[in-house]
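Only one structure is covered here, and it is reproduced in the block below.
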Amino acid sequence: MGDFENIIFEKDGGIAYITLNRPKALNAVNTRMRDELYEVLPSIKDDPDVKVAIVKGAGDRAFSAGADISEFGTVPSMAIGREIRWERDLWGMFLSVQKPLIAAIGGFALGAGIEMAMCCDIRIASDDSQFGLPEANLGMVPTAGGSQTMPRFVLKGWVSEIVFTADRIDAQKALHIGLINQVVPRDQLLNKANETARRIMSNDANALECAKAAIVRGLDMPLSQGLEMEQRLAAALTSERKTS
Ligand code: CO8
């Protein structure tokens, strides 16, 4: 795996840590960071030593303040921009990770920042965090999946308010509307993420993978199909256990 400039990748006792590492720019997602994330995620998927991954931001101000606005308008043409996004579908790559992903959010999580966190399964945030989708204010729509991922766990009315107003909300409101799972004091953020990861890892890795598939894929199916899929996954898990 290459040397990374804009992320830090570490592994410790079954937990992989991805740290968005541009603290001076509030961990804004630039092209280099996108490429590095795209390179590192397959190794989380494929490495049997990794059971759970935690995504976090470097420094004490932000998880990520979104796409790097200094790069806006620098792509040679819209067609090339679309081609790059199609070839390196980072958000699709995040969503395809079969292992549990935890976002540890400390500070700003805006635009592509909160959208990345919404590609994770569990979001734990510090009490001073702020969340928002400022795209409309920039003449854009959320394009890092936010218009699709957010309504899958936040009621549509709240999603519309967040997207249409482009206002930021605080951690308590984010908790109230279901955008995040837990709020903790800032100095306990990583401990809580680690504790949650260890709690998850104490369970069977294959069962976790099947459970994640059932939850994530089932959301896109009618209930009857989802129930069938659940049965198939349960049967596959049982037969795998018998043969191993
Ligand atoms: N991009 C680049 N640099 C940034 C970004 C950003 N998104 N956010 C902050 N920075 C930089 C600032 O320029 C500043 O740098 P410097 O010290 O060199 O001047 C440094 O970080 C600190 O920021 P501020 O001085 O502005 O700190 P404040 O506490 O005053 O404000 C805010 C913090 C409110 C977070 C403010 O920085 C802000 O509004 N930032 C922009 C947020 C934003 O609009 N993000 C873009 C959202 S749109 C999006 O993400 C579209 C996704 C589309 C998919 C793209 C895939 C990658």
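Nothing in this text is a laboratory measurement; each read-out follows from the coordinates by a stated rule. Keep in mind that what you see is a predicted model, and the values were worked out from it rather than measured. Virtual Cβ from ideal backbone geometry, glycine too; neighbours counted across all protein chains shown.
Can you tell me the length gained on complete extension of the stretch Leu138 to Arg232, counting 0.36 nm per residue apart and subtracting the Cα distance? If you can, show how the numbers build up before the last one.
On the way: separation 94, 0.36 × 94 = 33.84 nm, distance 4.50 nm.
Stretched out fully, the Leu138 to Arg232 stretch lengthens by 29.3 nm.
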Euclidean distance of C-alpha centroids, segment 204-228 and segment 158-199, integer Å:
24 Å
If you place +1 on the Cβ of every Lys and Arg, -1 on the Cβ of every Asp and Glu, and leave all else neutral, what size is the dipole of the chain about its Cα centre, to the nearest 20 Debye?
440 debye
Note down the nm distance, to one decimal, between modelled labels 7 Å out along Cα→Cβ at Asp12 and at Lys173.
3.4 nm
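Please give the length that would be gained between Gln182 and Thr243 if that part of the chain were fully extended, namely 0.36 nm times their separation in residues minus their C-alpha to C-alpha distance (nm, one decimal).
On the way: separation 61, 0.36 × 61 = 21.96 nm, distance 3.88 nm.
So the chain would gain 18.1 nm between Gln182 and Thr243.
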Would you mind counting up the charge near Glu240? Only other residues with Cβ under 15 Å from its Cβ, with Lys and Arg at +1 and Asp and Glu at -1.
+1
Can you find, among Leu227, Ala197, Cys120, the residue farthest towards the positive end of the dipole of the chain? Put +1 on the C-beta of Lys and Arg, -1 on that of Asp and Glu.
Leu227
May I ask you to derive the relative contact order of segment 109-243, considering only C-alpha pairs under 8 Å and at least 6 residues apart, and to give it as an integer percent?
25 percent
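Kindly put Val163, Val50 in sequence by how many other C-beta atoms sit within 10 Å of each C-beta, fewest to most.
Val50, Val163
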Expressed as a whole-number percentage, the relative contact order of the chain with C-alpha contacts under 8 angstrom and at least six residues apart is 16 percent
For Arg88 paired with Lys156, estimate the spin-label separation in nm (one decimal), with each label point 7 Å from Cα along the Cα-to-Cβ line.
3.6 nm
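Under 1.5 on a/c is rounded, so check that first for segment 110-171, then, if it is not, pick prolate when a/b is larger than b/c and oblate when it is not; a ≥ b ≥ c are the square roots of the alpha carbon gyration tensor eigenvalues. Show your work: numbers first, answer last.
On the way: a/c = 1.44, a/b = 1.24, b/c = 1.17.
Cα axes put segment 110-171 in the rounded bin.
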Between the Cα axis of helix 205-218 and the main Cα principal axis of the chain, the angle (0 to 90°, nearest 10) is 60 degrees
For the chain, the spread of Cα positions along each principal axis, largest first, Å:
55, 42, 41
Give the shape of segment 137-244 as rounded, prolate or oblate, defined through the alpha-carbon gyration tensor: a ≥ b ≥ c are the square roots of its eigenvalues, a/c under 1.5 means rounded, and otherwise the shape is prolate if a/b is larger than b/c and oblate if not.
oblate
